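Note sheet for the following structure.
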Amino acid sequence: MLLWIFRSIFIVVVLAVLFVNASSEVLTKATNSPSWWAVVLIGVGLAVFVFLLDIFTPKKKLSALAGVFFGLIVGIIISGVLAYPIDMIAGSYKINLIPEAFLAIKWMLGICICYLTISTVMRTKDDVRFVIPYVEFAKQTKGARPLILDTSAIIDGRIADLCQSKLFDSPLVVPRFVLNELQLVADSADKLKRNRGRRGLDILNQMQSNSVIEVEIDDTMYAEAEEVKGVDQKLVMFTRACNGRLATTDYNLSKVAQVREVDVVNINDLANSLKVVALPGETMEVKIIKAGEEIEQGIGYLDDGTMVVVEGARNKIGRELLISITSSLQTSAGKMIFGKFEGFVQETGVSNRRKPQRRPATTHTSGDIRN
């Protein structure tokens, strides 16, 4: 609203200036003067051009504006320096041209040079500092640096509890391409991936509804991110461009980000530091999905993707089992729970027995959901 008020003031000021100029010309009876019409037409055209440029470029970046301004200054300086050689060449070779022609040549030369300098600065703004020290067009972020979430961190869900507890006071940013990937996972034909995708959408909706957590869906696509392929690479370049920190549970993505000198908040490393593990002796219910690597082992998964290895469950694929936890393993790549078969849920009649509290602080997604 404030921006539109400013635009309205701009239009009023332009019209007022043109009206005052027209009034002065009328009072002096010079309305037929070509200069008056030129001033009016140029003023109206320039005002319309600036207004349309402002309307159709809603997302202007300070670094881009600084690059244009810097390139324009350099172009004007170079054009002024080259104006003297033009006069010297014309005098040396006896080139007979009217003064207006020389002026037109200088104007065209200046316009071309300004265009080239602005274009060069915009394409090589990251390298300007190597040529001119202490000049850099990097974005400077004030306050807390934003946390850029990937799909694994959203599905994991613990980032919501961490922000709810005010451990992180940084704004959470979800790039549009991450949201699109999360939707593709939720529409997957694979049941496990589909459940994880829907879980991620539910968690994201809960975070947006929470007044304590600041979540923003960012539609900005930086040039650095557009030039690379793959969601992981786009995430790394997006995080670097907005000077944020990447929040993820994907071990490989965190390593790639560290190589690219991007700060990473690995939720798994944070959980490993807290040393909270599932206690041996507790019981839980789990559905066996596939056979394990060792003899008599069966593999199941919790709702958040944590792998559960069950002894004596290799021939019980597709069944709901009651298991007792024997141990758990927490690493940066994820968490694994080991247990042994106690009985079938249907046969023991303990489907309502207490399950261990699988709080976000104790379980998380094992690796990237795209694998």
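Each reported figure results from applying straightforward, stated rules to the coordinates on display, with no laboratory input. Please read these numbers as outputs of a predicted model, since none were measured by experiment. All Cβ positions, glycine included, derive from the backbone under ideal geometry; neighbour counts span all protein chains shown.
Across q = 0.12, 0.14, 0.19, 0.26 Å⁻¹, the range 279-348 modelled as identical point scatterers on its alpha-carbon atoms has Debye log10 I(q)/I(0) values of -0.26, -0.35, -0.66, -1.20, in the order of the q list. For the residue pairs Lys191/Lys229; Lys193/Lys255; Lys191/Lys316, the alpha carbons lie more than 22 Å apart in Lys191/Lys229; Lys193/Lys255.
A Stokes-Einstein calculation at 25 °C with viscosity 0.890 mPa s, built on the Kirkwood radius of the range 147-273 over Cα pairs, returns a diffusion coefficient of 167 µm²/s.
Our coupling estimate for the range 294-307, obtained by passing each phi through the Karplus curve with A = 6.51, B = -1.76, C = 1.60 and θ = phi - 60°, is 8, 5, 6, 8, x, 10, x, 9, 7, 4, 8, x, 5, 7 Hz, Gly and Pro reported as x. Among 157-170, 229-242, sorting by the average number of other beta carbon atoms lying within 10 angstrom of each residue, highest first, gives 229-242, 157-170. In this simple spin-label model, placing a label point 7 Å from the Cα along the Cα-to-Cβ direction at both Thr120 and Gln206 gives a separation of 5.6 nm.
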